[in-house]
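Right, one structure below, let's go through it.
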Amino acid sequence: MVDIQDAGQALKRYFGYESFRPGQEDLVKAILNGQDCLGVMPTGAGKSICYQIPATLLDGLTIVISPLVSLMKDQVDGLEDAGIQASFVNSTQDMDEQFLALAQAAQGRSKILYVAPERLDAPRFREFAQHTKISLLAVDEAHCVSQWGQDFRPAYLGIGDFIRSLPDRPTVAAFTATATEKVRRDIVYMLGLDDPYVAVTGFDRPNLFFDVIKLESKYKNRWVVQYALKHGDDSGIVYCATRKETEALADDLTKAGVSAVSYHAGMDAQDREQAQRDFVNDKVQVVVATNAFGMGIDKSNVRYVIHHNMPESIEAYYQEAGRAGRDGEPARCSLLWNESDIVTRRRLLDMDNGNDRLTGEQTEAVRAEHRRLLNVMIGYCRTTGCLHQYMLRYFGEEVDQAAAGLSPAEADKGKSVPVGHPDTGSGGCQNCSNCLSTFTTIDVSDVARAISRCVHDVNQGFGSGKIAQILRGSRSQDLLRRGLDRCPSYGALDQVPEARIRDVLNQMASDGYLYITEGRLPMVHFGPKAAQTVSPDFHYEIKRTERPRASGKVYGGRSSST
Ligand code: ADP
């Protein structure tokens, strides 16, 4: 029987680390006790050690199932360097190499064997597994088993079967960075985890400054260029939603004198590798990329990650933003967004037809789940509460409530509330734009009422652009041709800027007063709370952010903190 002290010694002997990080020790302990487990930790938090250390101490073989074939060789080389016998079997090897790797593992000359999930179906591998003592099966990126998630890999569905086919059931340890309840439940069910120990940990990244900026699309490139120029010595990643955007922004940066490259799946492999190498070796300062960039990239001194659009989920955002500041030094994660990002994201979701393993009903259910994930992301953009706390709450990690400042709900109640402002003593992380900002509320009840009336007047038959035009009293040909100038609410808000009307309308949609349909021609309908807008007590506000504290400690990026 091995105990946790042996594990501590193995950690020092093989990896040279003095102590486990929070969460690691309990997972190692569970595995050594033969208990199944599920470790939920972000990328870079140290999941691998949770199964590598037990692997060195357990009798038989540890099989690691990983979808990342391209990283297996590096992982195995790293283990061998540390003095742990390891090997891999995958499609990059010829038959002889595969045979050799399996023979070594069967003879006990490897403690750890990496395979891709597709391998579990191969007859030769099944045969090998029947005759080899397997103590531990570690499933990396375990969320790929779930059709609710965004990275579903059909081959993961075979893992449960594979485990059941083994003569002696090994301990099964699953690891993921994905936080949603549905996906976690799916992992437990699909892999057949038996009363697993579940640990959620390591999501807090106190050295990252989180920043949310609402900005019209036409100003976004300029903002990024200015930021890059101001932080001329720093490495940064800018994530864009489309290939076209990455190229246009890389162009703008280059013209302004910033050394920048674009990176997306449409480029040929050689150019992509070159761009990645130049960035990792500090030959290029900024990489402007789609979400194709980043998997397995180990660059510790990324000082900023800017999102040019709102991502599809908090998971995706945290994964990408988390590539900043791996060295533990201050780094900044800025998210630029506006209402049209939401419309684009919703439209993309509508167009996604799922995969052919799902029935129409299941596809609709998965889509509804993805909509929910998107709404949590929208909530991050809109909240006035601490951004660190918002994410930690979402990931389900225990948070120190005393240090959490006001909750978003509390903050939303007041007027002109300084949320977690350091000078007010109300707590907060002091390391996100919300905790360093003040929010003033503007009474827009009349605007909201007029919007609601207009939706009624046009019989819920138009989109938000037309509603704004009608309320502004536009003389557009299309509007006049349709006779919309005879609508009772025509011109009712002729003194209110169009951007304000759209802002209020979109907020009403996310608050449930309105509902914007999600087809190709989105229309404004009434939402479940629509009736409240005609009540004499109806009161509606929007928030304006004031950012007086640009000289805050890390606010201006690393340069102002050193
Ligand atoms: P993940 O699999 O969660 O993405 P890794 O296992 O690759 O993360 O670990 C990320 C980095 O953290 C690695 O360089 C690893 O060696 C290091 N690390 C893991 N555990 C510890 C620890 N207890 N002490 C110090 N460094 C650690």
Using every alpha carbon pair in the stretch 323-382, what percent of pairs falls into each 10 Å bin from 0 up to the bin containing the largest distance? 19, 35, 26, 16, 4
So, with points 7 Å from each Cα along the Cβ direction, the ASP511-LEU349 label distance in nm works out to 2.1 nm
Lys and Arg at +1, Asp and Glu at -1: neighbours of ASP161 with Cβ under 12 Å from its Cβ sum to +1
Members of LYS47/LYS255; LYS244/LYS466; LYS73/LYS299; LYS244/LYS543; LYS47/LYS543 lying beyond 30 Å, as alpha-carbon distances in this model show: LYS47/LYS255; LYS244/LYS543; LYS47/LYS543
Sorting check: for 231-241, 474-484, which peptide has the highest mean count of neighbouring beta carbons within 10 Å, and how do the rest follow? 231-241, 474-484
Could you give the length gained by full extension between GLU273 and THR92, i.e. 0.36 nm per residue of separation minus their alpha carbon distance, to one decimal place? 63.4 nm
Amide H contacts under 5 Å for TYR540, restricted to residues at least 5 apart in sequence or on another chain and with H modeled in the peptide plane, are VAL444, SER445
I want the antiparallel fraction of DSSP beta bridges within the chain, as a percent rounded to 5. 15 percent
Assign unit charges at the C-beta atoms only (+1 for Lys and Arg, -1 for Asp and Glu), then state the dipole size of the stretch 179-337 relative to its Cα centre in Debye, rounded to the nearest 20. 480 debye
Ordered by fewest other Cβ atoms within 10 Å, a rough proxy for footprinting exposure, TRP337, TRP223 read TRP223, TRP337
For the stretch 6-53, convex hull of alpha carbons as volume per residue, Å³: 67 Å³
Calculate the dipole size of the chain relative to its Cα centre from +1 charges on Lys and Arg beta carbons and -1 charges on Asp and Glu beta carbons; express the result in debye to the nearest 20. 1720 debye
Using a ≥ b ≥ c from the Cα gyration tensor of the stretch 21-117 (square roots of the eigenvalues), is it rounded, prolate or oblate, where a/c under 1.5 gives rounded and otherwise the larger of a/b and b/c decides, a/b for prolate? prolate
Give, as a single signed number, the net charge of other residues whose beta carbon lies under 9 Å from the beta carbon of ASN207, with Lys and Arg counted +1 and Asp and Glu -1. -1
Over the stretch 313-395, relative contact order from alpha-carbon pairs under 8 Å, at least 6 apart, %: 35 percent
Relative contact order for the stretch 23-153, counting Cα pairs under 8 Å that sit 6 or more residues apart, in percent: 29 percent
Across the chain, what fraction of all alpha-carbon pairs, as a whole percent, falls in each successive 20 Å bin from zero upward? 19, 48, 28, 6, 0
Calculated Rg and Dmax of the stretch 469-537 using C-alpha coordinates, Å: 13.3, 38
Using the Cα centre of the stretch 476-519 as origin and beta-carbon charges of +1 (Lys, Arg) and -1 (Asp, Glu), tell me which of TYR515, PRO488, LEU505 is placed farthest towards the positive end of the dipole. PRO488
Length-normalised contact order of the chain, Cα under 8 Å, at least 6 apart, in percent, tallies to 11 percent
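Throughout, read-outs are computed from the coordinates displayed, never taken from laboratory work. All values derive from a computational prediction rather than experimental measurement. For neighbour counting, all protein chains shown are included, and Cβ atoms are generated from backbone atoms with ideal geometry for every residue, glycine included.
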